[in-house]
1. Here are 267, 331: which of them is surrounded by fewer than 16 Cβ atoms within 10 Å (Cβ to Cβ) and under 29 Å from the mean Cα position of the chain (by Cα)?
2. Name the residues in the stretch 320-376 that are in a loop (DSSP other than H, G, I, E, B) and on the phi > 0 side of the Ramachandran plot, would you?
3. Filter the stretch 482-516 down to the residues that are in a loop (DSSP other than H, G, I, E, B), out of contact with any helix residue (DSSP H, G or I) (no Cβ under 9 Å at 6 or more places or on another chain) and in contact (Cβ under 8 Å) with a residue 40 or more places away in the chain, then identify the one that is surrounded by the fewest Cβ atoms within 10 Å (Cβ to Cβ).
4. Residues to consider are 212, 229; find the one that is touching a residue at least 40 places away in the same chain (Cβ under 8 Å), buried (at least 20 other Cβ atoms within 10 Å of the Cβ) and more than 30 Å from residue 80 (Cβ to Cβ).
5. Taking residue 216, is it farther than 28 Å from residue 324 by Cβ and out of contact with any strand residue (DSSP E or B) (no Cβ under 6 Å at 6 or more places or on another chain)?
6. Which of the residues spanning the stretch 124-164 are on the phi > 0 side of the Ramachandran plot and surrounded by fewer than 22 Cβ atoms within 10 Å (Cβ to Cβ)?
7. Taking the condition modelled with pLDDT under 95, touching a helix residue (DSSP H, G or I) at 6+ places or on another chain (Cβ under 8 Å) and surrounded by fewer than 20 Cβ atoms within 10 Å (Cβ to Cβ), does residue 110 pass?
8. So in the stretch 365-380, with the set limited to residues that are crowded, with 23+ Cβ neighbours inside 10 Å and in contact with a helix residue (DSSP H, G or I) (Cβ under 7 Å, 6 or more places away or on another chain), which one is farthest from residue 494 (Cα to Cα)?
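The values are calculated or read from the model by the stated rules, or taken from the named source; none is laboratory data. Please read all numbers here as calculations on a predicted model, not as lab measurements. Because the Cβ atoms are built from the backbone with ideal geometry, glycine has one as well, and the counts that use them run over all protein chains shown.
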């Protein structure tokens, strides 16, 4: 099978016009979806270059007659276009009309795509088709009973248009729909008082308190669906289906190295900085055989304790404190000063991970810019601050690179975000250990990171919390999870993103500027023997461990 050529089209002039009007182009997030999977693709900004592609993902196109004619001509010759919520200028050509926009809702895709539940979305632009003789409709926008995906036949090719702005919805789940400038809406059941007067990451979350939470057997409410990660799967499954329809293939790199099925992570925040609490944490971590990430806040521990932490194999990280009530402030100067203190205190020049104290967060990209300028490559701030919003309040458990606002042309920040699921299980004001199993099941489902936060002080003075960290480790290991620090996750994710996949005849060629002999590549095939095939998204494929040479399919 030959490798499909995938193009992602951003009209250059249209993009700069939108940015000049301070309009976001979150369609750019399709780049992050493809980059994470390491799917081979090309960015295109000129219509003159599109004929070389088997499939063209049209992200941003100019609304003019020349663009309309060129895209229709490309499809008529056998090309396939995929689009997410746009292309209104083609509606009339396809015998459709635009309907009112839908701000948020749920899509049922389980009959056509491998999703177990309805997926929440945060923006849709549906069409009504006036003629149906050349139309295939898939999925259902539940509230309006409208098609989620419509396929049109034009000449020898196809146009697949999603009514749902999928990349934009992914960004909205992970980062919100606007900068954080005010308190969020509290949970109606009193389990999450987001309106306490402290700006933080979860003030900007976009899930529904009633529709998106489930309860454990002990009554703990939790956000149960990693919607952003599931939408990523929909994008990939749909793209691979179209590739195989053309008798082509499109390999990608699996998330974790050979021999590791899924990743778990434990981090700590050193609040109160009691030396005995550090000793207690070291002891229990040795007992459970886990290396963790220690986020340090001033005034910190003794130099002797830092050496013990490092000698035990744990990562020392930053815990930026912007709480005004504790003498902190939200400013780059304060961030820089606190980080300088930490580097001196731990005798380390390279600190690559941060988590903000109390998940303090303001604006949109300020924190990520501060991290970039200081060599902080990982942030862990985006997690729940309350008992009632644990789980997946940001719709994800995958490591991802956040996208900037329109004033920075929606670039990607060079900061890997690794959010957490919950903190200090069994603490009397927080969730109990009944959430462990459902969290691990959902993380395993999407090959993400099961990140649990435990403060050293609570491990020290609350036996129930100490018991909980042991239960997390034992349960996760029994479920096949491998524990890594944030530094390890960051190093692996950045290394695997250097991998390039190409085809030479019927062989997949894998190249990278780094030593990576334990990559796993999955190559979709039209059909194959049950003994050879590994199914993803319901699609058969061949799974191979890469050791520098090519893979024959």
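1. Numbers: 267 fails: surrounded by fewer than 16 Cβ atoms within 10 Å (Cβ to Cβ).
On inspection, the qualifying residue turns out to be 331.
2. Pass one, the stretch 320-376, residues in a loop (DSSP other than H, G, I, E, B): 320-323, 327-331, 347-352, 355-356, 361-362, 364-365, 374-376.
Matches in the stretch 320-376: 327, 347, 375.
3. The first filter runs over the stretch 482-516 and keeps only residues in a loop (DSSP other than H, G, I, E, B), leaving 484-485, 497-499, 505-506, 512-516.
Narrowing the set further to residues that are out of contact with any helix residue (DSSP H, G or I) (no Cβ under 9 Å at 6 or more places or on another chain) leaves 485, 498-499, 505-506, 513.
So of that shortlist, the ones also in contact (Cβ under 8 Å) with a residue 40 or more places away in the chain come out as 485, 499, 506.
Numbers: 485: 23, 499: 18, 506: 13.
Among residues in the stretch 482-516 that are in a loop (DSSP other than H, G, I, E, B), out of contact with any helix residue (DSSP H, G or I) (no Cβ under 9 Å at 6 or more places or on another chain) and in contact (Cβ under 8 Å) with a residue 40 or more places away in the chain, the one surrounded by the fewest Cβ atoms within 10 Å (Cβ to Cβ) is 506.
4. 212
5. Working: farther than 28 Å from residue 324 by Cβ: yes; out of contact with any strand residue (DSSP E or B) (no Cβ under 6 Å at 6 or more places or on another chain): yes.
Against the criterion (farther than 28 Å from residue 324 by Cβ and out of contact with any strand residue (DSSP E or B) (no Cβ under 6 Å at 6 or more places or on another chain)), residue 216 qualifies.
6. Taking the stretch 124-164 first, the residues on the phi > 0 side of the Ramachandran plot are 139, 145, 155.
If the condition is that a residue be on the phi > 0 side of the Ramachandran plot and surrounded by fewer than 22 Cβ atoms within 10 Å (Cβ to Cβ), then 145, 155 are the ones that fit.
7. Working: modelled with pLDDT under 95: yes; touching a helix residue (DSSP H, G or I) at 6+ places or on another chain (Cβ under 8 Å): no; surrounded by fewer than 20 Cβ atoms within 10 Å (Cβ to Cβ): yes.
Spelling it out, it is not the case that residue 110 is modelled with pLDDT under 95, touching a helix residue (DSSP H, G or I) at 6+ places or on another chain (Cβ under 8 Å) and surrounded by fewer than 20 Cβ atoms within 10 Å (Cβ to Cβ).
8. That would be 380.
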